[in-house]
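Reviewing the structure listed below.
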Amino acid sequence: MIALVDSNNFYVSCERVFDPRLEGRPVGVLSNNDGCVVARSEELKALGVAMGAPMHLLPPAVRRQATLLSSNYALYGDMSRRVNLVLGECSPDVEVYSIDESFVGFAGLPASRLEALGRRLRETVGRDTGIPVCVGLAPTRVLAKAANRVAKTSPELGGVCRLDAEAAATRRVLEALPVHALWGVARRTAERLALMDIHTAWQLREADPKRIRRAFSVVLERIVWELRGRPAIQLDDMAEARQRIMVSRSFGRLTGEWRDLQEAVRQHGARAAEKLRRQDSLARVVLVFLRSDPHRLGDRQYHNSVVVPLAGPSDDSRALLEAAGRGLAAIFLEGVRYQKCGVMLMDLVDAERHQLSLLAFRDEAARGRDRRLMTAVDRLNREMGRDTVRFGLPRRGTAWALRCERRTSRYTTRWNELMRVKVR
Amino acid sequence: MAPPMSPPPGTICRAAPQPGGRSRPLLGCRVRAGFPSPADDHLDVEIDLHAHVVRRPAATYFVRAEGDSMLGDGIHDRDLLVVDRSLEPLPGRVVIIAVDGEPTVKRLTRRAGRTFLEASNPRFAPIPLEGRECQVWGVVTHVLHALPGAAP
C-alpha cells in the first residue's frame with residue numbers, strides 16, 4: 001500500500017504555525033515579484049479569491065480583510081523538510097513529490113493496521129510541525145491521490161481515507177470523480193475522453209487498456225491499470241502539467257561524485273525547462289532534491305531538498321539551471337552514495353497571461369535582442385533617472401530584486417529572525 | 001547588464017542541521033572532551049552540543065524570549081529557548097502556549113483539578129486556563145543565556 005501525504009494549504013499553514021493569530025482568518029501568500037496569490041486559506045477561498053489572482057486586482061474589501069504575505073520560501077522549504085523527516089520515521093520509503101506532497105510506501109504491512117498508521121502519521125506531523133496534513137491510502141499512486149482528495153473534502157473522515165481496489169466505496173468515489181480530476185489526466189485529454197463517452201474515473205477504469213493506449217498514450221493506459229489496483233506508474237516524470245514540472249531519475253549505479261550529480265541535475269533541469277516552455281508556462285521556484293538508497297540499510301542514509309526562488313517568473317534555461325545548481329551545492333554532502341536526484345519547477349504561471357513575458361523569449365536571437373534591450377533600459381534609467389523605463393509593472397520596485405516586503409521572518413533558518421515569544 | 005538570473009546569494013532556503021551530516025557545534029569553537037593522554041587509547045567522539053540539546057530535529061525549534069516573567073526558571077530577556085513540540089505538556093513543564101492567539105512562555109501547573117499558567121516571577125499572578133482559547137505550541141527544554149563577552 002502507498003500513502004499520499006498532502007499538506008493542507010501548505011504555505012498558509014506554515015505561516016500560521018509561527019503566527020497563531022492568523023488561525024481562522026483569511027490569509028493569502030503572494031508570489032514574490034508579480035504579486036499573484038499562490039496559496040489561500042479556506043477563509044480566503046470563501047471570499048472568492050482565485051488561485052493566481054493578481055493582488056492589485058483584488059476588491060478593496062478583500063484586501064482590507066485578508067492578510068496577504070510575500071512568500072517565505074526559506075520557511076516553507078524547512079517546514080517541508082521537517083514534515084518529510086517525520087514521514088521518514090514511519091517508513092524508509094518516502095518519495096517527495098512536491099513541496100507539500102510525499103508518497104510513503106508501506107509494503108508488507110497488513111491492511112488492517114493501515115488506517116491507524118495513517119492517523120498516527122497525521123497526528124505526529126501535526127504535533128511536531130504544526131502542519132495539518134491529509135493521508136490517502138491505496139494500493140496504487142493514482143488511487144492514493146484520489147483517496148487523498150476524499151480525505152480533504154470529507155471532514156468526517158478525520159483526514160485519513162483508504163481506498164481498496166475492489167470495494168464498493170471505491171466504486172462510489174470513482175463514479176463521482178470526473179476524469180480531469182485524476183492525477184496525470186490533462187484537461188485536453190479529458191475532453192477527448194468525453195468524446196469516447198468516458199466522463200468519470202470509474203468509466204476510465206472500465207475502459208479497454210489497449211484501446212486507451214492506442215488512442216492516447218502508455219501513461220493513460222497505466223492510469224487505467226492503477227485505477228484497477230495494479231501499480232504501474234513510477235514517480236519520475238509523473239507531474240501534473242500546468243502546476244509543477246518534475247524530472248527525476250535514479251542513477252544506474254549509486255554515486256557519490258559531485259560531477260555526476262551536477263551533470264544529472266543539469267540534465268533534469270534542462271529537460272524540465274523544455275517541458276515548461278512547451279506548455280507555455282513560467283516557473284517562480286526551483287526545487288532540487290537528492291537521496292541515498294533507502295533500501296541499503298548499511299549505507300549512510302541522507303535525503304534533503306532545497307527550494308530556490310527565482311528573481312522573477314522565468315522559462316529561461318540559464319536562470320533555471322543556475323538556480324538548480326546553486327540548490328544542489330547547498331544540499332550536496334560528501335561521503336554519501338546517491339541513488340536519485342531530481343529537479344522540480346513550481347508555482348507556475350501562464351506565460352501569455354504574465355506581464356513579464358517580455359523576459360520569456362525562446363530562441364537565441366530573441367534572447368540576444370532581449371539582452372540588448374535590457375542594456376538599453378539600464379542605460380536610460382542610469383542616465384535619465386530611475387524608473388524612466390519600467391516593465392509594465394503597475395507597482396514600484398525593480399523586476400530584478402526579489403520583492404518580499406510582506407514576508408514574515410525566516411523563523412527556522414536565520415538566527416536573527418527567530419520567532420519571538422513574550423515572557424510577560 | 002545581463003538579464004536577472006537569480007536572487008542574490010543568501011536567499012537559498014535550506015533547512016538547518018542535516019540528518020547524518022557532520023555535526024556543527026552551536027558555539028563558534030570546538031571543545032574537546034578531556035585532555036588527550038598518550039596512555040588513553042579510547043577514541044572519544046567530539047561532543048556535540050546541538051545533538052545533546054536537539055533530541056528530535058523535526059520537532060525542535062529555537063525561539064527568542066522577550067521579557068522577564070520567567071526569571072525564576074532562568075529565562076532572561078533575549079535568551080534563546082530550545083522548544084520541542086513533540087513533548088507532552090505535562091504539569092510542571094515550561095511551555096510556549098498561545099493564549100487568545102498570542103504566544104507566551106509559562107509554567108503549566110495543576111491545583112485542585114484546575115490548570116494554571118504560572119510565571120516564575122511573583123509579580124505575575126497565575127492565569128487559570130478555563131474559558132480561554134489556548135493552544136500549547138511546544139515544551140521549552142533548554143535555555144541558552146549569553147554572559148558578558150559572548151558573541152551576540
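Here is how the numbers come out for the structure above:
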item: Dipole-positive endmost among A:A168, A:T200, A:G229 within the range A:158-237 (Cβ charges, Cα centre); result: A:T200
item: Assigned charges on the beta-carbon of Lys, Arg, Asp, Glu; the range A:179-288 dipole about Cα centre (debye); result: 160 debye
item: Shielding score for B:55-61, defined as the mean number of other chain Cβ atoms within 10 Å; result: 6
item: Contact order normalised by residue count of the range A:130-176, Cα under 8 Å, 6+ apart, percent; result: 35 percent
item: Fewest-first ranking of A:S102, A:S70, A:S112, using other Cβ atoms within 10 Å as the exposure measure; result: A:S112, A:S70, A:S102
item: Span-like helix ranges in chain A, DSSP H, alpha carbon extent 20 angstrom or more, Kyte mean at least 0.0; result: A:73-90, A:317-331
item: Share of alpha-carbon pairs per 5 Å distance bin for the range A:2-142, given as whole %; result: 2, 10, 19, 19, 16, 13, 10, 7, 3, 1, 0
item: Listed pairs A:K45/A:K340; A:K210/A:K275; A:K145/A:K210; A:K45/A:K210; A:K45/B:K106; A:K152/A:K210 exceeding 29 Å between Cα atoms; result: A:K45/A:K340; A:K45/A:K210; A:K45/B:K106; A:K152/A:K210
item: Within-10-Å neighbourhood charge of B:P128 [Cβ basis; K, R +1; D, E -1]; result: +2
item: Chain A, relative contact order [Cα under 8 Å, separation at least 6], %; result: 15 percent
item: Rg/Rh for the range A:168-228, where both radii come from Cα atoms and Rh is the Kirkwood radius; result: 0.92
item: Cα shape, the range A:78-210, gyration tensor, a/c 1.5 rule; result: prolate
item: Size descriptor, Kirkwood hydrodynamic radius, that averages inverse alpha-carbon separations across the range A:167-313, Å; result: 17.9 Å
item: Cut-off under 5 Å, modelled amide H: who pairs with A:A311 long-range; result: B:S6
item: Radius of gyration and Dmax over the Cα atoms of the range A:243-316, both given in Å; result: 14.3, 45
item: Dipole in debye (nearest 20) - the range A:168-228, about Cα centre, beta carbon charges: Lys, Arg +1; Asp, Glu -1; result: 160 debye
item: Using distinct alpha-carbon pairs, which all enter the 1/r mean, Kirkwood radius of chain A in Å; result: 23.0 Å
item: Size of charge dipole - the range A:2-142 - debye, nearest 20, with Cβ of Lys, Arg +1 and Asp, Glu -1, no other charges; result: 340 debye
item: Residue-averaged 222 nm ellipticity for chain A, from DSSP H runs of 4+ at -39500 (n - 2.57), nearest 500; result: -12500 deg cm²/dmol
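Read-outs throughout are calculated quantities, based only on the coordinates presented, and are distinct from any laboratory measurement. The model shown is predicted, which means the values in this text are computed figures rather than measured ones. Note: ideal-geometry Cβ built from the backbone for every residue, glycine included; neighbour counts use all protein chains shown.
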